[in-house]
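Participant: Quick one: the structure is below, questions incoming.
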Amino acid sequence: MPAAAARVVLVTGVSRFLGARVANTLQADPTIERVIGVDTVPPELPLGRTEFVRVDIRTPSIANIIASAGVDTVVHLNLVTSSSVPRAKVKELNVIGTMQLLAACQRSPDMRKLVVRSSAAVYGSSPMDPAVFTERDEPVEAPTSGYAKDAVEVEGYVRGLMRRRSDLTVSVLRFANFLGPGVDSPLSRYLHLPVVPTVLGFDPRLQFVHEDDGVEVLRRMTVEDHPGCYNVAGDGVLLLSQALRRAGRPYVPVPSPAHAVFGDVGRRFAGLSGFSPELLRWLTYGRVIDTTALGDELSWRPKYGSEAAFADFAEAHGFGHGRITSLLGRR
């Protein structure tokens with residue numbers, strides 16, 4: 001079958017910003033006959049010709065949909081990062097949901113391609129990290145909890161499927177943190193706090209991927225064959241202090257033992273149930289990933305670097321280039 005022969009595409013997590021945008025992009029491709037979007041709640045935005053099916057991928061019902069529709073391509077975007085959802089439920093959605101989905105893919109004779117959204121969080125964040133992570137690098141300190149650990153487990157199950165179905169084209173994408181006008185995430189909510197807490201003595205190097213670039217990478221992986229694991233991020237890095245100054249956000253450094261302050265502020269002002277351990281470590285030590293492999297594979301560079309992605313997010317959300325910096329004085 002030719003590389004761009006995806007005919008019936010199923011997109012998970014279609015009620016979230018990334019799933020909805022990917023589904024809308026794929027449905028505009030005339031070579032794709034059907035786009036089926038699945039989630040546990042209906043999407044807020046209209047999906048055009050995308051067919052929405054309300055289903056929980058943790059149940060065997062997902063196998064019935066894949067089999068009856070003759071799905072040949074699955075784009076798995078239903079990985080939950082929100083800290084406003086109870087941790088036990090998040091793990092169930094991420095890990096059990098992925099297991100059920102992959103089991104359905106394994107049994108379907110029509111399946112030929114799987115695209116999986118993973119996260120650069122699989123590398124962890126540690127003071128002993130290398131300057132830049134490539135796809136071949138192992139984490140210095142493997143994630144032991146939260147979404148990062150879920151992503152590690154998801155990738156393990158995907159590798160298991162690849163061993164059992166060597167005929168499948170499988171692409172795993174380790175995304176940096178998304179930013180853009182339409183992104184609602186723990187990171188975007190952190191940046192919206194009235195006073196942004198940072199970790200005293202640390203100024204992490206951060207990378208972002210703009211939502212437009214993320215959608216384009218997922219589109220290319222769906223309609224073309226690019227098997228393998230790839231890091232995805234905008235070019236360049238941005239220090240947390242630079243980002244907060246450019247956005248005019250007031251911030252206050254707090255000692256690392258006082259990490260509970262993050263959770264208290266998040267609960268009070270952002271509707272969060274506290275910031276996840278992986279987000280806290282990232283805001284302490286940062287992380288930089290190498291995207292050479294993706295650029296070489298696709299012969300493509302992102303439209304937005306990390307600085308430009310942050311600037312577009314800040315402008316869309318009304319952040320100005322204010323003079324307010326640290327409430328404890330300039331750093």
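The values are calculated or read from the model by the stated rules, or taken from the named source; none is laboratory data. Just so we're clear, the structure is a prediction, and the values are computed from it rather than from any experiment. Cβ atoms come from the backbone with ideal geometry, glycine included; neighbour counts cover every protein chain shown. What goes into the accessible areas is simple: the full protein's heavy atoms, side chains included, and nothing from ligands, DNA or RNA. Shrake-Rupley method; radii C 1.70, N 1.55, O 1.52, S 1.80 Å.
Participant: Under 20 Å from the Cα of residue 91, which lysines turn up, not counting those fewer than eight places away in the same chain?
Facilitator: 149
Participant: On a 0 to 90° scale, report how tilted helix 17-27 is relative to the longest principal axis of the chain, with both axes built from alpha carbons and the result rounded to the nearest 10.
Facilitator: 40 degrees
Participant: Rolling a 1.4 Å sphere over the protein heavy atoms, what is the accessible area per residue of the chain, to the nearest Å²?
Facilitator: On the way: 13760 Å² over 331 residues.
Solvent-accessible surface per residue comes out at 42 Å².
Participant: So how far apart, in nm, are the two label points at residue 296 and residue 61 if each is 7 Å from Cα heading toward Cβ?
Facilitator: Here the answer is 4.5 nm between the modelled labels.
Participant: Quick check on the range 169-208: what does the Kirkwood estimate of hydrodynamic radius come out to from the alpha carbon pairs, in Å? Intermediate values should be presented prior to the final figure.
Facilitator: Numbers: mean 1/r = 0.0790 Å⁻¹.
Answer for the range 169-208: a Kirkwood hydrodynamic radius of 12.7 Å.
Participant: Next up: For the range 163-186 and the range 82-156, compute the distance between their C-alpha centroids and round to whole Å.
Facilitator: Answer, in whole Å: 9.
Participant: Roughly how much of residue 128 is accessible, in Å² to the nearest 10, using a 1.4 Å probe?
Facilitator: 120 Å²
Participant: Given a Förster radius of 51 Å and the C-beta distance between residue 192 and residue 166 as r, what FRET efficiency does 1/(1 + (r/R0)^6) yield to the nearest 0.05?
Facilitator: For R0 = 51 Å, the calculated efficiency reads 0.65.
Participant: Can you give the Rg/Rh ratio of the chain, where Rg is from the C-alpha atoms and Rh is the Kirkwood radius? Can you show the working numbers first?
Facilitator: Numbers: Rg = 19.6 Å, Rh = 20.3 Å.
That ratio equals 0.97.
Participant: Highest GNM mean-square fluctuation, the chain, Cα pairs closer than 10 Å: which of 42, 186, 143?
Facilitator: Maximum among the listed residues: 42.
Participant: Still on this structure, please answer the following. For helix 306-316, report the angle its Cα long axis makes with the longest principal axis of the Cα atoms of the chain; keep it between 0 and 90° and round to the nearest 10°.
Facilitator: Taking the Cα atoms of the chain, the angle to 306-316 is about 80 degrees.
Participant: Given the Cα-Cα distance of residue 141 and residue 49 and 0.36 nm per residue of separation, how much length would full extension add, in nm?
Facilitator: On the way: separation 92, 0.36 × 92 = 33.12 nm, distance 4.45 nm.
Full extension of this stretch gives 28.7 nm more.
Participant: Quick query: amide H of residue 254 versus all other amide H atoms, modeled in the peptide plane; which residues come in under 5 Å with a sequence gap of 5 or more or a different chain?
Facilitator: Those lying under 5 Å, H to H, from residue 254 are 198, 199, 200.
Participant: What's the whole-number percent of alpha carbon pairs in the range 16-119 lying beyond 15 angstrom? The partial results should precede the final answer.
Facilitator: Values: 3383 of 5356 pairs.
Percentage above 15 Å: 63.
Participant: If you take the beta carbon distance between residue 220 and residue 7 as r and set R0 to 22 Å, what does 1/(1 + (r/R0)^6) give as a FRET efficiency, to the nearest 0.05? Before the final figure, lay out each step's value.
Facilitator: Working: r = 17 Å, r/R0 = 0.78.
Efficiency, rounded to the nearest 0.05: 0.80.
Participant: Same structure, new question: Just grab the label-to-label distance for residue 89 and residue 202, each label 7 Å out from Cα along the Cβ direction, in nm (one decimal).
Facilitator: 2.9 nm
Participant: Turning to a different aspect of this structure: Show 29, 150 ordered by accessible area, largest first, where the area counts protein heavy atoms only and the probe is 1.4 Å. Don't skip to the answer; put the middle values down first.
Facilitator: Numbers: 29 30, 150 0 Å².
Result, largest first: 29, 150.
Participant: Please determine, in degrees from 0 to 90 and to the nearest 10, the orientation of helix 260-269 with respect to the longest principal axis defined by the Cα atoms of the chain, where the helix direction is its Cα long axis.
Facilitator: In the chain, helix 260-269 runs at an angle near 70 degrees to the longest axis.
Participant: I've got another one for you. With label points built 7 Å along Cα→Cβ from the Cα atoms of residue 28 and residue 316, find their separation and express it in nm.
Facilitator: 1.5 nm
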